[in-house]
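The values are calculated or read from the model by the stated rules, or taken from the named source; none is laboratory data. In this text, all values refer to a predicted model and were calculated from it rather than measured experimentally. All Cβ positions, glycine included, derive from the backbone under ideal geometry; neighbour counts span all protein chains shown.
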Amino acid sequence: MGRDPEPTIFELSQPGRSAWQLPTTGIPDRPLDDLIPPIHRRMDRVRLAEVSERDLVGHFTRLSHRQFSVDLGAYPLGSCTMKYNPKAFDLVAGIPGLADVHPAAPARCTQGWLELMVEIEEALCEITGMAAGTLQPSAGAAGELTGLSLMRAWHTAEGAPRRKVIIPDSSHGTNPASVTLGGYEAVTVPTDERGCVDLEMLRKVLDEQVAGMMLTNPNTLGLFEEQIVELAEAVHGVGGLMYYDGANMNAILGVTRPGDMGFDIVHLNLHKTFATPHGGGGPGSGPVLVADRLVPFLPGPRPVRLATDGSQAVASEAPDFGWMIPERSIGRVHSWHGNSMVLARALAYILVNGSDGLRRIAELAVLNANWLRVRLDGILDIPFDRPCMHEYVMSADSLQHETGVKALDIAKRLLEEGFHAPTIYFPLIVHEALMIEPTETESMQTLEALAAAIERIVADSRAPGGQERCAEAPYCTPVRRVDEARAARHLIATFDARSS
Ligand SMILES: *Cc1c(COP(=O)(O)O)cnc(C)c1O
């Protein structure tokens, strides 16, 4: 593979070339104006690339070889759960009876899909300990906004919407963003020296204006919140609701449940925990599950089991499936029913693993993270050095003081070693943070290779010329080090569809 930049598909374009040709049908041509009134037609040409199938496949195959992916190797990107996903689940999602169904098809023609959606909702309720949920949100952040809308609807029905939502200072960036987008003021509480929410500081900010608290558990330090029941009691004490950011569910599957800890609203990231790799902005799914008292506010229409008289029925005695709009629904949060293929994969994943298998996933994810943590002890600092959950955070702070080599440099050198970089500079409360989530799908040999690579990089940064070598890495990737802030600061996002 050469280093030459791959031309864009438009640069490869040759007028008149195409990937396939259809035979003529013998049906006489009719002028377009007879078929579509000119007022409904665009008059300018759409600028599309004209390439042969050979060029098309070559182009995208070459690009795909320049990527790193979960299929290629270990991807220890903390907080993202980038685990290998067995191909069988893609096969399930591709079954024509699922893949070729239009979302507007009437319920009597789509009983299979409705059953699938009802079943996955029931499974997710069982896994989280909640009463019911919505499958509509397209990803974690969309689930957060849905959850906050439910919070607002609940408090409004109780008399006043309230103003504030509490988040820990270690929270995922989407949490403060969703709080703001949801029309609330974000109030941050600090982390204590154990790496958990400071309960006393939380008590100080609680009042009747607090609509609720959003909590990630295990938190972004990879630690299980030790006083989670007390936190929930304190927030409930002022009439607030507890929101569980369950993007990290991979750590606790089958072991414990947010519902049992006193949470009112939970979102899951199916694209992290339950099949469907999500690198590169692929489709996601962020179902929101709620406690009994919030069920009437859920988005609609909801897939439900129907009794023979058409009313909503309970459990498996119902013969049929249909749609219903909850009594006080906040409305739709998706144009259709959610990213359905992600739902199909997730249900297959849950059924194939079964409850024992799901628990084993969490146990191995936690074991792998702890194995790496202990293996790398003494190589880099570990600020909260005690048994972790599915991930843990290291710090290159003292290495930087000693050698000038930063967390960013270590991440770039890892790319050369055949590993995806870990999450860096997050959570914000750890200087020079490297957040490692190996996941359960990596073997002992891979974990050892990753640890050895980090060890080599740290050793090399102390060797003569080490800082210079690190500062320029990566050397052998298709793209060398990029200026990561420039794209955000000088955004150029134009596409002129009219120029042909
Ligand atoms: C990934 C993640 C999110 C956001 O999920 P998206 O699907 O990326 O929108 C929220 N919270 C935590 C803790 C996460 O890890």
TODO: Tell me which residues, restricted to segment 451-471, are over 19 Å from Met435 (Cα atoms) and of a type in the set (D, E, K, R).
DONE: Asp460, Arg462, Glu468, Arg469
Open item on the list: Out of everything in segment 419-448 that is in a helix (DSSP H, G or I) and in contact (Cβ under 8 Å) with a residue 60 or more places away in the chain, what residue ends up being farthest from Leu358 (Cα to Cα)?
Closed with: Glu448
TODO: Look at segment 385-418 and say how many of its residues are surrounded by fewer than 22 Cβ atoms within 10 Å (Cβ to Cβ) and part of a loop (DSSP other than H, G, I, E, B).
DONE: 7
TODO: Within segment 385-416, count every residue that is modelled with pLDDT of 95 or more and acidic (Asp, Glu).
DONE: 4
Task: Matching residues in segment 102-111 - criterion: being loosely packed, with under 13 Cβ neighbours inside 10 Å and closer than 17 Å to Ala307 by Cα - done: Arg108
TODO: Could you name every one of the strands (runs of 3 or more DSSP E) located completely within segment 262-366 that has at least 2 residues being more than 16 Å from the ligand (Cβ to nearest atom), modelled with pLDDT under 95 and out of contact with any Lys or Arg (no Cβ under 9 Å at 6 or more places or on another chain)?
DONE: 302-306
Open item on the list: Ile454 - would you say it is assigned to a helix (DSSP H, G or I) and either within 20 Å of Leu408 (Cβ to Cβ) or modelled with pLDDT under 95 (or both)?
Closed with: yes
Open item on the list: I want to confirm something. Restricting to segment 368-384 and keeping residues that are part of a helix (DSSP H, G or I) and within 21 Å of Asp460 (Cβ to Cβ), which single residue is nearest to the chain's Cα centre (by Cα)?
Closed with: Leu372
Open item on the list: Among the residues of segment 477-488, are any surrounded by 12 or more Cβ atoms within 10 Å (Cβ to Cβ), at negative phi and without any contact (Cβ under 8 Å) to a residue 24 or more places away in the chain?
Closed with: yes
- [ ] Given the conditions (1) in contact (Cβ under 8 Å) with a residue 60 or more places away in the chain; (2) out of contact with any Asp or Glu (no Cβ under 8 Å at 6 or more places or on another chain); (3) not acidic (Asp, Glu), report the number of the one that Gly129 does not fulfil.
- [x] (2)
Task: strands (runs of 3 or more DSSP E) wholly inside segment 148-259 containing at least 2 residues that are within 15 Å of the ligand (Cβ to nearest atom) - done: 164-168, 210-216, 241-246
TODO: Determine whether Ser138 is within 16 Å of the ligand (Cβ to nearest atom) and in contact with a strand residue (DSSP E or B) (Cβ under 6 Å, 6 or more places away or on another chain).
DONE: no
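Yes/no per residue for (1) surrounded by 12 or more Cβ atoms within 10 Å (Cβ to Cβ); (2) in the same structural domain as Asn217 (by TED's automatic domain parsing); (3) under 30 Å from Pro301 (Cα atoms); (4) in contact with a Leu (Cβ under 9 Å, 6 or more places away or on another chain):
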position: Arg47; (1), (2), (3), (4): yes, no, no, no
position: Asp55; (1), (2), (3), (4): yes, no, no, yes
position: Asp100; (1), (2), (3), (4): no, yes, yes, no
position: Trp113; (1), (2), (3), (4): yes, yes, yes, yes
Task: Test: residue in segment 220-227 that is assigned by TED's automatic domain parsing to the domain that holds Ala153, of a type in the set (Ser, Thr, Tyr), within 28 Å of Thr441 (Cβ to Cβ) and touching a residue at least 60 places away in the same chain (Cβ under 8 Å) - done: yes
